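Participant: For reference, the structure I am asking about is given below.
Laboratory data are not the source of any read-out in this text; all were calculated from the coordinates shown. Keep in mind it's a predicted model, so treat the numbers as computed, not measured. Cβ placement follows ideal geometry from the backbone for every residue including glycine, while neighbour counts extend to all protein chains displayed.
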Amino acid sequence: MFKKSKLRGEFFMQGDIACAEGAVSAGCRFFGGYPITPASEIAERMAYRLPLLNGAFVQFEDEIASMASILGASWTGVKSMTASSGPGISLKAENIGLGMMMEVPCVIVNVQRGGPSTGLPTSWAQADMMQARWGSHGDYGCIALCPKNPQEMFDLTIVAFNYAERYRMPVFVMTDAIVGHMTEKVVVPPVDEIEIIDRRYTDKKPDDYLPYAVGDDLIPDFAKVGDGYRFHSTGLTHDERGYPDMTEHAQLTHAVRIVEKVKKHADDIILLEEKGVEGADVVVVAYGITARTVVPAIEMARKKGIKVGLMRLITAWPFPTKRIRKLAGEIAGFVVPEINLGQMVYEVERCAGGQCKVKSLPHPGGGIHKFETVLSAIEEIAHAK
Amino acid sequence: MQNEICCESPIIAGTAEPETNIQHPMEGLLRMDRMPHIWCSGCGLGSVVTAFVEGLKKAGSDFDKVAVVSGIGCTGRVAGYINLDSFHTTHGRAIPFATGLKMANNDMTTVVISGDGDLFAIGGNHLIHAARRNVDINVICVNNFIYGMTGGQTAPTTPLQARSSTAPYGNYEQPFNLVGLAAAAGASYVARWSAMHVRRLADSIAVAANKKGFCFIEVISPCPTVFARKNMGGTGLDLLKSFGERTVIDHDADPTKIPIGMNDEIVCGNFINEDRPTYWENVQTGIRDAVDKENVYWKNL
Ligand code: SF4
């Protein structure tokens, strides 16, 4: 077979395509999808790319099936992904929970559009941030990455796969219709320069293997189907053997662990980008496309002599609680612009804990924050000092 | 057309001399550390599990290369008792889960075992599309005409007039004919047996294990606890006997014309056994040339 099947070099590439190429570079070889604007380009690219790499693309009958399928595929040891937008993610929610419960590595891309319901199919929003965190029922840990441009659609999709494999769970790429449909320069590094993490397989013999036994890192070792382990996995609360265990004890150990494992590794997972935050009076907390659209207002505020910094959440989940809490004790306040009616701002408020002001800058979607709105919010917080 | 009244009796354990080291005949293929199971006495599910294991043995399957996927419900618990790679998934989603598994590792014989409510109500869309694609998986649908685990609500298989906890005056919905639906959607293999026909069922399971394409086997199964209690009454054995008496074996029957009523005959048989190109084969052969041509372009990039 032809070996050279991955890109390398510089490209003028759409965000959705870059996401698919990032997945391919990360080793994704199964994609289960369903058409939905503005995420369809990811499925289309995977339909084109995976057969070239002896991978499988299946366009399913619905979003639910596509989510269930990537769990089944991942149990064979194959890296798998699905992509959708809000309405599709709502349908996937049930099996996202199964993935969390069974601890199945996989990646879910949400190219966010305006909601609720059918909302703004061809326009954007960032209004599914809390859905990513809490969208399936019950408690579980969550990892979500927020690319701000096509380059990061490539890079962070790879990070998402690495996190999914490392922490054995579904991981979200939370982008939006602007970044997904934006075309910009994307640099694809040579294959050997891309860091790829694979799930940790058990070194135990089948007779000694307990599918959900964990050590200090709280992450169980993986065994794949077909290797003679004859293991069981269920969406029910289970014990170390993977067997259903309907007790408070099992809930206290397993259900708590799938939350704790993310908390435990939060410092290794969290990715932040800070510009001018040290010594600032005002810190703008933004993510995804909003971290770009607010830059001119921040620059203008600086010209006016306001000490304002930008903290970009590259990972929205787990939330950088410690960092925000520390900053809150040092600054006059946070400004939190997001293309929703106030979601991540709840987290900022929670972490600030009343130590400083927190100003939400909501936007319902279909547009971006106005320069003056952001500037006057920064000025308001700075002057209130 | 050959009609034959079924006279097969269920396997009943003999009264052997007490031994010191008695092993269950399916030891190794059942998770003995999970026994006793949660099913009611008289339930048909035990017979289905027996037939499934017997069928795999007959087929000569490599047990390390068989995956069992179940949905939710009484039948959904089957995966948990069979000592193979096994998955107890979400309600109705066993088929797409299994499709992903099979497409990612074509070496696995992938069997979905689930109930009528799981596969034909909440999961109905997945079933018809998997049959349409002719995905190489086997689906064993245990049909007890009711939702057992949740306490006896109406299923898409509940016969007209039958009582359920959500049809206290009798069911007024037309039921699905499962084999007819599977056949119409394009399944390569379609059979119907009851929990009474353990040997014939095992034979069908063996055929399906070695057959390519989407194979569908319906198993009529007694649910004494909720279906019988709300309707004709009787024990599991009484129900099995009545299934036996009502059974007409007719392999030539048109599966779309044999719905199951409250008391009329139950037509069983191996209705369809055709060779159609599977989803996998279509991927491999149908697009190979185009893919190879495109790969030449990539090689020269
Ligand atoms: S409720 Fe019915 S189907 Fe369920 S285990 Fe009991 S007898 Fe079997």
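Participant: How much FRET efficiency would the formula 1/(1 + (r/R0)^6) give for residue A:8 and residue A:183, where r is the Cβ-Cβ distance and R0 is 25 Å, rounded to 0.05?
Facilitator: Details: r = 19 Å, r/R0 = 0.76.
Efficiency computed from Cβ-Cβ geometry: 0.85.
Participant: Rounded to the nearest 500, what is chain B's calculated 222 nm mean residue ellipticity when only DSSP H runs of at least 4 contribute -39500 (n - 2.57) each, over all residues?
Facilitator: Calculated from helices alone, the mean residue ellipticity at 222 nm is -8000 deg cm²/dmol.
Participant: What is the distance, in nm, between label points placed 7 Å from the Cα along the Cα-to-Cβ direction at residue B:285 and at residue A:210?
Facilitator: 4.9
Participant: Scan the range B:157-194 for chymotrypsin sites (Phe, Trp or Tyr not before Pro) in coil per DSSP, keeping those whose Cβ has at most 12 other Cβ atoms within 10 Å, and list them by number.
Facilitator: B:169, B:172
Participant: Rounded to the nearest 500, what is the 222 nm mean residue ellipticity of chain A from helices alone, with -39500 (n - 2.57) per DSSP H run of 4+ residues and division by all residues?
Facilitator: -10500 deg cm²/dmol
Participant: Using a Förster radius of 51 Å, what is the FRET efficiency between residue A:268 and residue B:23 based on their Cβ-Cβ separation? Nearest 0.05, please.
Facilitator: Calculated transfer efficiency: 0.55.
Participant: How high is the relative contact order of the range A:9-193, given as a whole-number percent (alpha carbon pairs under 8 Å, six or more residues apart)? Mind showing how you got there, number by number?
Facilitator: Values: 423 pairs, mean separation 56.8, N = 185.
This gives 31 percent for the range A:9-193.
Participant: Determine one quarter of the surface area of the Cα convex hull of chain A, which equals its mean projected area, and express it in nm² to one decimal.
Facilitator: That works out to 19.6 nm².
Participant: Figure the gain on full extension for residue A:299 and residue A:346 (residue separation times 0.36 nm, minus the Cα-Cα span) and round it to one decimal in nm.
Facilitator: Numbers: separation 47, 0.36 × 47 = 16.92 nm, distance 2.57 nm.
This chain segment gains 14.3 nm when fully extended.
Participant: How many angstrom lie between the Cα centre of the range A:243-264 and the Cα centre of the range B:143-166?
Facilitator: Centre-to-centre distance over Cα atoms comes out at 34 Å.
Participant: Starting from the Cα coordinates of the protein assembly as shown, work out the convex hull volume and express it per residue in Å³.
Facilitator: Considering the Cα atoms of the protein assembly as shown, their hull volume per residue is 171 Å³.
Participant: Inverting the mean 1/r over all pairs of different Cα atoms, compute the Kirkwood radius of chain B and quote it in Å.
Facilitator: For chain B, the Kirkwood estimate is 19.8 Å.
Participant: May I pose another question? I'd like the mean, over residues of B:292-299, of how many other protein chain beta carbons sit within 10 Å of each residue's own Cβ.
Facilitator: 4
Participant: Per residue of B:60-67, how many C-beta atoms from partner chains lie within 10 Å of its own C-beta, taken as a mean?
Facilitator: 3
Participant: Which is the longest run of chain B containing none of the GluC sites (Glu not before Pro) found in DSSP loop states (not H, G, I, E, B) with at most 15 other C-beta atoms within 10 Å? Walk me through the numbers before you get to the answer.
Facilitator: Details: sites that count: B:19, B:173, B:265, B:274.
Longest stretch, sites excluded: B:20-172.
Participant: Related question: Can you put A:225, B:111, B:135 in order, fewest other beta carbons within 10 Å first?
Facilitator: By the 10 Å Cβ count, ascending: B:135, A:225, B:111.
Participant: In sequence order, what are the phi-derived ³J(HN,Hα) couplings for the range B:193-204 according to the Karplus relation 6.51 cos²θ - 1.76 cosθ + 1.60 with θ = phi - 60°, rounded to whole Hz, with x for glycine and proline?
Facilitator: In residue order, the calculated couplings are 9, 10, 5, 6, 9, 4, 6, 5, 4, 4, 4, 5 Hz.
Participant: May I pose another question? Take every residue in peptide A:229-239, count the Cβ atoms of other chains within 10 Å of its Cβ, and give the average of those counts.
Facilitator: 6
Participant: Now for a different question. What is the sum of charges around residue A:165, taking Lys and Arg as +1, Asp and Glu as -1, for the other residues whose C-beta is under 12 Å from the C-beta of residue A:165? Don't jump to the answer; show the numbers that get you there.
Facilitator: On the way: positive: A:79, A:166, A:168, A:199, A:200; negative: A:103, A:195, A:198.
So the environment of residue A:165 carries a net charge of +2.
Participant: Before anything else, pin down the relative contact order of chain A: Cα pairs under 8 Å, at least 6 apart, normalised by residue count, whole percent. Each step should come with its number before you reach the end.
Facilitator: Numbers: 870 pairs, mean separation 62.0, N = 385.
After rounding, I find 16 percent.
Participant: Sticking with this one: Using the alpha-carbon atoms, what tilt in degrees (0 to 90, nearest 10) does helix A:40-49 show relative to the longest principal axis of chain A?
Facilitator: Helix A:40-49 and the main axis of chain A meet at about 40 degrees.
Participant: Using Cα pairs closer than 8 Å and at least 6 residues apart in sequence, work out the relative contact order for chain B, in percent.
Facilitator: It comes to 20 percent, rounded to a whole number.
Participant: Using Cα positions and a limit of under 28 Å, work out the lysines in reach of residue B:241, with same-chain residues fewer than 8 apart set aside.
Facilitator: Counting by Cα, and skipping residues close in sequence, residue B:241 has these lysines nearby: B:57, B:58, B:230, B:257.
Participant: Amide H to amide H under 5 Å from residue A:231: which residues, 5+ apart in sequence or cross-chain, H placed 1.01 Å off N in plane?
Facilitator: Here the answer is B:85, B:86, since their amide H atoms fall under 5 Å of that of residue A:231.
Participant: For residue A:357, give me every one of the lysines with a C-alpha distance below 16 angstrom, ignoring sequence neighbours fewer than eight places off in its own chain.
Facilitator: Excluding near neighbours in sequence, the set is A:307, A:326, A:385.
Participant: Then there's this: What number, in nm² with one decimal, is the all-direction average of the projected area of the convex hull of the alpha-carbon atoms of the range A:272-383?
Facilitator: Values: hull surface 23.8 nm².
So the mean shadow area of the Cα hull is 6.0 nm².
Participant: Looking only at B:55, B:46, B:286, which one moves most when chain B is put into a Gaussian network model with springs between Cα atoms under 10 Å?
Facilitator: Maximum among the listed residues: B:286.
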